[in-house]
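Enquirer: The following block contains the structure, expressed as structure tokens.
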Amino acid sequence: MARKPMMAANWKMNKTVREAQDYVAALLPRAEDSEGVDIAVFVPFTCLHEVARMVEDSDVVAGAQNFYPEDSGSYTGEVSAPMLLDLGVGAVVVGHSERREIFGEDDELVARKTAKAIESGLLPVVCIGETKEERDGGQMWDKVSGQVKRVLEEVPDDVGGEQIVFAYEPIWAIGTGDTASPEDAQDAIGQIRDLLRDLKGDGFADSVRILYGGSMKPENVDEIIAQEDVDGGLVGGASLDVESFTALIGATQGSDWPVAE
Ligand code: PEP
């Protein structure tokens, strides 16, 4: 089964509304012919309303970087799925390593968020990955497989692979300039797909998209996305500049993509 690749920008805590407007205005004309690739921009809450409005009639999906898995209530500082849907948001990053490491999100909360996103009609991009110490200590697969299994415990059986995206993001490669080798990315993502095949069956494993994240940039994207099981990228630093993000989209789509002037 052919999976449609996805290229996703994670702006993290960057860009004012004005900067977001300039970026999206430059992105949209280039995204017009995006048949071969799904494009998502995960932007700060403060930009979401404007970005969702600007991309409304395009194939670009406006995404949030986080949400809380209750519909409403006494959760000061949090934002719910219905609030995101109200803005026209289509996707949400769940369990980014910065949320896990800096804000203490555990596997249980990540799993609840994933299930709630799916139930609400948001596409969750669920981040998983190991630290340098875990990799060096031979615990990479224990960590990553444990994260995947915990998420699946909360996901109802009838959910299809197209309703969830995983992003394998080795933590030591995020924002560091260090990238997993294409072989390491394939090795990890291939294992994740095999695990999903064991747990959820062929239909799920063949349709679920698994992205690579970790210092992806125009110079290394070709080799990484050429790997059989890598279905695109979740990109932080190199997505902040629209020219560089457009180059990543172009590489994902192939040579037909309109190139930046
Ligand atoms: C990320 O934030 O998900 C990420 C992969 O960041 P970077 O591309 O900067 O490593």
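The values are calculated or read from the model by the stated rules, or taken from the named source; none is laboratory data. Predicted model, so just to flag it, every value in this text is computed and none were measured. Here Cβ is always computed from backbone atoms with ideal geometry, including for glycine, and neighbour counts include all displayed protein chains. The protein model used for the area step is the full one, side chains on, heavy atoms only, and it has no ligands, DNA or RNA in it. Shrake-Rupley method; radii C 1.70, N 1.55, O 1.52, S 1.80 Å.
Enquirer: Along the Cα-to-Cβ line of E133, 7 Å from the Cα, sits a label point; which residues in region 173-205 have backbone N less than 15 Å from it?
Expert: Output list for this probe position: empty.
Enquirer: Ignoring ligands, DNA and RNA, how do S181, S80 rank by accessible area with a 1.4 Å probe, largest first?
Expert: Numbers: S181 40, S80 5 Å².
The ranking, largest first, comes out as S181, S80.
Enquirer: Starting from the exponent 0.38 and prefactor 2.2 Å, build the expected Rg for region 103-233 from its residue count and divide its actual Cα Rg by it.
Expert: 1.01
Enquirer: Right, here's the next one. I'd like to know how the chain sits against the 2.2 N^0.38 Å rule of thumb: what's its Cα Rg over that expected value?
Expert: Working: Rg = 17.0 Å, N = 261, 2.2 N^0.38 = 18.2 Å.
Rounded to two decimals, the normalised Rg is 0.93.
Enquirer: Still on this structure: If I model a spin label at I102 and Q21 as a point 7 Å from the Cα along the Cα→Cβ vector, what separation in nanometres do I get?
Expert: Here the answer is 2.7 nm between the modelled labels.
Enquirer: Hey, another quick one. Run the simple label-point estimate for S58 and E243 please: 7 Å along Cα→C-beta, distance reported in nm.
Expert: Taking the two extended label points, one gets 1.8 nm.
Enquirer: Calculate the FRET efficiency for K4 and E78 from the Cβ-Cβ distance with a Förster distance of 35 Å, rounded to the nearest 0.05. Kindly include the intermediate steps, with their values, before the conclusion.
Expert: Details: r = 32 Å, r/R0 = 0.90.
E(calc), rounded to 0.05, equals 0.65.
Enquirer: Counting helices only, and only those DSSP H runs with n ≥ 4, report the 222 nm mean residue ellipticity of the chain as the sum of -39,500 (n - 2.57) divided by its residues, in deg cm²/dmol to the nearest 500.
Expert: Here the helix-only value at 222 nm equals -13500 deg cm²/dmol.
Enquirer: Suppose each label sits 7 Å from its Cα in the direction of the beta carbon; what would the E153-L85 distance come out to in nanometres?
Expert: 2.7
Enquirer: Ignoring ligands, DNA and RNA, how do H96, H49 rank by accessible area with a 1.4 Å probe, largest first?
Expert: H49, H96
Enquirer: Further question: Across region 6-253, how many lysine pairs, 8 or more apart or on two chains, come within less than 28 Å at their alpha-carbon atoms?
Expert: Close lysine pairs under the 28 Å cut-off: 22.
Enquirer: Right, something else. What FRET efficiency would be calculated for the residue pair R197, D222, taking the C-beta separation as r and a Förster radius of 35 Å, to the nearest 0.05?
Expert: 0.85
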